[in-house]
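S.K.: Structure incoming, see below.
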Amino acid sequence: MAPASARHALAALCLVLLLAAQCVFAAPATATAAEPGPRTDSSPGTDPELTALLDEYLAAQPATSLSAALIEDGEITAVLEHGDAQLDTPFHIASLSKSFTAATVMILVDCGLVDLDAPVTDYIADFELADGRQDEITVRMLLSHTTGLGLKTYQENDAPAPADGEELLDRLAEVELAREPGAAHEYFSSNYSLAALLVERVTGSSFDEVLRAELFEPLGMHDSTSVTACGDPAAGTGSGHALAFGSPLAVPEPPGLCLGTGGVVSTAGDLATWLTFIADGGTTPDGARLIAETSVHEMLSPQPATEGAAGDWYGLGWIGAELSDGTPVLSHGGALTTWSSHMTLLVDEEGRPTGTAAVVLADTASSPAQLVGAMLAHATGLDQPEFTRDGRPADDFVPLGLSVLALGLALGCVLRARRWPGLHRRRGAFVGGLLWPVALAAIGVALPVYLTAQKYGAPLSLAGAWPTMLGTAPVAVLLSGSLVLAGAGVLIARSLAWAARRRAGRSDDEEPRGEEHHDEGSRPAQ
């Protein structure tokens, strides 16, 4: 192909790639915008105030599908539904799962098979740490997040994630404690994966089998199940969503180990049953006791060294906190990269559940705790809190603008690439003209790593950072991809132009020598 044709083809190709990048990353944000869906109330007649609350919440915190239930005195008194969701629609409930893990451990405690204050190594003999301090960690410390393990020494959100609890043990064998065991609380989900593995080792059954046999089936939670990996599909669930420009965007859940920590898949109806079960002290509606009342009390009580953790204190799978008006509650939130949830029990002055509770499940990364608080305020006559609007729509225009700027600059450089070698004959200018596109692409590659470090307090690898940022900030991934594409496009175009000029220069140097030789050969002898 002639040099001019090659240049035009390259320019056209880069233009197509740049436009495609914009379409692939940005277009779905508006195409999948949440449309108003059905909203119902299970109480006689639809409560206009609750319907208005849901509309107001979704305007501030968009979601594709949402299911919520309000429980009073053991009965569901109101149901809120949005999109395709209903009361029996399954959602990934994320860290609400921790209350179930704690409950299964407490069942083993009731049976005399586990001691909360015994070392974890009594039940997982091959649990080891690089500093040899594994024997200092107790079962209680696992459930209260006071083991001393933390992100400082083990980035649990990184990829590739452990496939199961056994592989997690292999990873932790190379990890040292981040602080003294029992000295302070650090929310660290791998603690609960270890607790689930402990349940498996003690019972000889899979964690999912234990959940089904000991909790789901006796409670009639027939729509509930659990998965090991965060991204594993579950019957009845669709895709989770991130937010881009204020609209939900379907993206895959990044790989991660959710065993015991975030793997339960359940419905608002089943979780209403669960909240009532906890409020009743561990008994089913027909009076069967599944967990000792003292064990339930232990789960809902402050644990040592947990003051100020996530709320006022951390129990065993539950958080002691307050609503915006100071009303004391027991709650827990859940957040995978693309799913969110929250459940809350009101408590009396002595910390005992009153029987009034609410749960909200969403298939979008959002803030369901706000809607839970509003539903409870509605039920009790408290002042309604104001919903905090998600600030990302406005923020998204910054990386979008930078993406357009980078791609526009790159396109201009690609179109002028043929003239670039002649305009930069000096070595410094020539090298600089090739280095800055490399630097631009490198910034694009590294940007998700930097952003995840800001989010988690420790950086992820490239393999973990990119899918995580796609779920939490898809427009930032658009910027990263644009920088990589822009830098690579300019570098390739200039490299090809320089190579073409070198070839043309050699041809020009060889041509005069050939003509001179021919003239000498044809000169007549003197």
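Every number in this text was worked out from the coordinates using simple rules, so none of it is lab data. Bear in mind the structure is a predicted one, so any value in this text is a computation, not a measurement. Neighbour counts run over all protein chains shown; Cβ positions are idealised from the backbone, glycine included.
S.K.: Pick out, from S341, V175, T146, the residue whose Cα sits farthest towards the positive end of the charge dipole of the chain, with +1 on the Cβ of Lys and Arg and -1 on the Cβ of Asp and Glu.
M.R.: The residue sitting farthest along the positive end of the dipole is V175.
S.K.: What is the sum of charges, Lys and Arg at +1 and Asp and Glu at -1, for the other residues whose Cβ falls under 10 Å from the Cβ of P162?
M.R.: -4
S.K.: Between region 354-391 and region 61-118, how many Å separate their Cα centres?
M.R.: Between the Cα centres of region 354-391 and region 61-118 lies a distance of 15 Å.
S.K.: Just want the ordering: L197, L87, L330, from fewest to most Cβ atoms lying within 10 Å of their own Cβ. Present the calculation step by step, with values, prior to reporting the outcome.
M.R.: On the way: L197 23, L87 19, L330 26.
So the residues, fewest neighbours to most, are L87, L197, L330.
S.K.: For region 194-209 and region 288-339, what is the separation of their Cα centres, given in Å?
M.R.: What the calculation gives is 23 Å, centre to centre.
S.K.: Here is a further query. If you put +1 on each Lys and Arg Cβ and -1 on each Asp and Glu Cβ, how big is the dipole of the chain around its Cα centre, in Debye rounded to 20?
M.R.: 4140 debye
S.K.: Measure nothing fancy, just the Cα-based angle from helix 3-31's long axis to the longest principal axis of the chain, in degrees from 0 to 90, nearest 10.
M.R.: 20 degrees
S.K.: A further question on this structure: How far apart, in nm, are the 7 Å Cα→Cβ label points at E307 and A499?
M.R.: Here the modelled spin labels are 6.8 nm apart.
S.K.: Here is a further query. Take region 110-212, compute every pairwise Cα distance, and split them into 10 Å bins from 0; I just need the percent in each bin.
M.R.: 15, 52, 28, 4
S.K.: So, one more: For region 150-227, with only Lys/Arg (+1) and Asp/Glu (-1) charged at the beta-carbon, what is the dipole magnitude about the Cα centre, in debye rounded to 20?
M.R.: For this selection, approximately 220 debye.
S.K.: Of G240, P399, A453, which is farthest towards the positive pole of the chain's charge dipole, taken about the Cα centre with +1 and -1 on the beta-carbons of Lys, Arg and Asp, Glu respectively?
M.R.: The Cα lying farthest towards the positive end belongs to P399.
S.K.: Which residue, V296, L483, H185, has the largest displacement toward the positive end of the dipole of the chain when charges sit on each Cβ (Lys, Arg +1; Asp, Glu -1)?
M.R.: L483
S.K.: Could you state the per residue volume, in Å³, of the convex hull enclosing the Cα atoms of the chain?
M.R.: 190 Å³
S.K.: Please tell me the relative contact order of the chain in percent, rounded to the nearest whole number, where contacts are Cα pairs under 8 Å and at least six residues apart.
M.R.: Values: 1027 pairs, mean separation 100.3, N = 526.
That works out to 19 percent.
S.K.: Angle between the Cα long axis of helix 268-279 and the longest principal axis of the chain, 0 to 90 degrees, nearest 10?
M.R.: Between helix and principal axis, roughly 50 degrees.
S.K.: Say each of D135 and W436 gets a label point 7 Å from the Cα, pointing the same way as Cα to Cβ; how far apart are those two points in nm?
M.R.: Simple spin-label model gives 6.3 nm for this pair.
S.K.: A follow-up question, please. If one computes the Cα centroid of region 232-262 and of region 428-446, what distance in Å separates the two points?
M.R.: Centre-to-centre distance over Cα atoms comes out at 35 Å.
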